[in-house]
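Step one of this worksheet: look at the structure below.
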Amino acid sequence: MNEGIQLVAALAPIYVFALSVFVGYEVISKVPVVLHTPLMSGSNAIHGIVLVGAMLVAGSADTLLFKVLGFLGVICGTVNVVGGFLVTDRMLQMFKKKPGGAEGRS
C-alpha cells in the first residue's frame with residue numbers, strides 16, 4: 001500500500017512534465033513568427049530558474065535515481081540556457097546593419 005503511494009508520488013512529476021509539453025507546444029504554435037526571438041530570450045531566462053530548481057533537487061536527493069535525474073536536469077538546463085542565448089545572440093546579429101552594406105555603397 002505504501003509502495004503504491006510512493007509510485008504515484010514519483011510519477012506525478014512525469015505527468016506534469018508531459019502536460020507541460022502539450023501546453024507549451026500549443027502556446028508556441030500560436031505565437032507570430034516576428035515574436036519568436038523575444039519569446040526565446042524570455043524562455044531562456046525562465047529556464048535559468050529551472051536550472052536553479054534542478055540544482056536544488058540534485059542537492060537534496062535521497063536516492064541514486066533522484067540524484068542522477070537531478071544531475072541530468074542540471075546538464076540539460078545548462079545546455080538549453082547557454083545554447084538558447086547563443087542562438088538568440090546570433091539571430092540578433094542578423095538584424096544589425098553591416099558597415100559598407102547596401103546603404104553605404106553608391
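The values are calculated or read from the model by the stated rules, or taken from the named source; none is laboratory data. Source: prediction; values computed, not measured. Here the Cβ positions follow ideal geometry from the backbone for every residue, glycine too, while neighbour counts run over all protein chains shown. Please note that ligands, DNA and RNA were not included when accessible areas were found on the heavy atoms of the full protein model with its side chains. Shrake-Rupley method; radii C 1.70, N 1.55, O 1.52, S 1.80 Å.
Six or more apart or on different chains, Cβ atoms under 8 Å: show the pairs whose first residue is in region 21-33 and within 16 Å of Asn44 (Cβ to Cβ) and acidic (Asp, Glu) and whose second is modelled with pLDDT of 90 or more and in a helix (DSSP H, G or I).
Close Cβ pairs (under 8 Å, with a partner that is modelled with pLDDT of 90 or more and in a helix (DSSP H, G or I)) do not exist here.
Give me the pairs, please: first residue somewhere in region 75-96 and within 14 Å of Ser43 (Cβ to Cβ), second residue anywhere and open to solvent by 90 Å² or more (accessible area, probe 1.4 Å) and part of a helix (DSSP H, G or I), beta-carbon distance under 9 Å, and either six or more positions apart or on two chains.
Hits for this filter: Gly77/Met55.
For region 65-101, which residues satisfy the criterion of being farther than 22 Å from Val34 by Cβ, open to solvent by 90 Å² or more (accessible area, probe 1.4 Å) and either among the β-branched types (Val, Ile, Thr) or at pLDDT below 85 (or both)?
Val79, Pro99
Here is a yes/no grid of residues against (1) in contact with a helix residue (DSSP H, G or I) (Cβ under 6 Å, 6 or more places away or on another chain); (2) surrounded by fewer than 11 Cβ atoms within 10 Å (Cβ to Cβ):
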| site | (1), (2) |
| --- | --- |
| Val16 | no, yes |
| Leu19 | no, yes |
| Phe22 | no, yes |
| Thr37 | yes, no |
| Gly42 | no, no |
| Thr63 | no, yes |
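Residues checked against (1) in a helix (DSSP H, G or I); (2) out of contact with any strand residue (DSSP E or B) (no Cβ under 7 Å at 6 or more places or on another chain); (3) not aliphatic (A, V, I, L, M):
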position	(1), (2), (3)
Val31	no, yes, no
His36	yes, yes, yes
Leu56	yes, yes, no
Leu69	yes, yes, no
Leu72	yes, yes, no
Val79	yes, yes, no
Lys97	no, yes, yes
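Across region 25-59, what is the total count of residues that are of a type in the set (Gly, Ala, Ser) and within 16 Å of Pro13 (Cα to Cα)? Give the steps one after another, and end with the answer.
So the first thing to find is which residues in region 25-59 are of a type in the set (Gly, Ala, Ser), and the list is 29, 41-43, 45, 48, 53-54, 58-59.
Still in the list and also within 16 Å of Pro13 (Cα to Cα): 53-54, 58.
Residues in region 25-59 being of a type in the set (Gly, Ala, Ser) and within 16 Å of Pro13 (Cα to Cα): 3 in total.
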